[in-house]
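In what follows, a structure is listed as C-alpha cells, so that the remarks can point back to it.
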Amino acid sequence: MTLHRRSLLKLAGATAASAGLGIGAPAIVRAATPVKMTLPWLPLGTFSYAFVANKMGFWDKRGLEVTIDRGFGSGRVCVPVDQGQYDFGILDLAVMMNCAARGLDLVALAGIWPRSPVGIFSLKEYGITKPQDLEGQTVAFDVGSGDFQLWPAFIKATGIDDKKVNKVTMDAAALIKALVEKQVSGRKFLRQHRTEPVGAGPRDQQHAV
C-alpha cells in the first residue's frame, strides 16, 4: 500500500484526534512475509526445532509465514536455494562449501551442530568397531547426502586405505533395506539419536563407527 503525502497527513490528523477523544485508532494489519525453507532429508527428530518454532508461533509473532519442505539429501538442497525456489536450506556445511566452490551463490548463516552427526551403521555380527575394520567391507552411500561428501575427509582423518573399501551408491530409501538384507556391511547415515561410543558396549544389534 502506497501512502501519498496528503493521505499521510490526513491519517496523522485522524490518529491525533482519535487519541484526544480516547478512541483507539484502527490497527494496521500487515500480511506475513512468506518464507520457504527446505530440510536436507525427511522431517525427523533432528529437525524438530523447526516444526516446534512453527507450531508455537515463534515465527508468526515476527511476521513470518514459514513453509517447511522435506529434502532429498544435502547435495540436492544447494541448487533450489541458489535458484530462488527456497529462501533457506538446511544442509551439511561440507556440501555447502562444495556447492559454493562450483559457483553457486550461497552463504552459510549459522551452525546447528557443534560436531557433525554423520556416522556409519553396521550389523553387530560384522564386528566393525573402528574405522580400520571397514577395509575389505562394502559401504553404501546416497550420493546426494552430506555423508558422501565427507567420505574423503573421513579417509584422511582415519588413515584407512580407501582402495580397500568397496563403495556402492543407491537411493537413500534403499540404504537400511540393503544393510538388513546384508547386501552391504555398513551404511553412512545421519545420526538421529545418541548412540554408545564404539567399544563401550552395544545398546542394540548395531554398532556406530
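Assorted remarks:
- Hits in the range 70-102 - residues which are aromatic (F, W, Y), touching a strand residue (DSSP E or B) at 6+ places or on another chain (Cβ under 8 Å) and surrounded by 17 or more Cβ atoms within 10 Å (Cβ to Cβ): Y86
- Checking D162, D147 one by one, the residue that is under 16 Å from W41 (Cα atoms) and either among the acidic types (D, E) or surrounded by 13 or more Cβ atoms within 10 Å (Cβ to Cβ) (or both) is D147 and no other.
- Failed item, numbered, when P34 is tested on (1) loosely packed, with under 11 Cβ neighbours inside 10 Å; (2) in a helix (DSSP H, G or I); (3) touching an Asp or Glu at 6+ places or on another chain (Cβ under 8 Å): (2)
- S116 vs. criteria hydroxyl-bearing (S, T, Y) and free of Cβ contacts under 8 Å to residues at least 40 places away in the same chain: yes
- Restricting the range 122-133 to residues that are within 27 Å of the chain's Cα centre (by Cα) and under 20 Å from K163 (Cα atoms), the residue that is surrounded by the fewest Cβ atoms within 10 Å (Cβ to Cβ) is K130.
- Among the residues listed as V118, V107, the single one being in contact with a helix residue (DSSP H, G or I) (Cβ under 9 Å, 6 or more places away or on another chain), surrounded by 15 or more Cβ atoms within 10 Å (Cβ to Cβ) and not basic (K, R): V118
- Counted as qualifying within the range 40-149 are the helices (runs of 4 or more DSSP H) with 2 or more residues that are among the small types (G, A, S), namely 48-55, 93-101.
Each value in this text was obtained by applying a stated rule to the coordinates, not by laboratory testing. These numbers come from a predicted model, not from an experiment. Cβ atoms come from the backbone with ideal geometry, glycine included; neighbour counts cover every protein chain shown.
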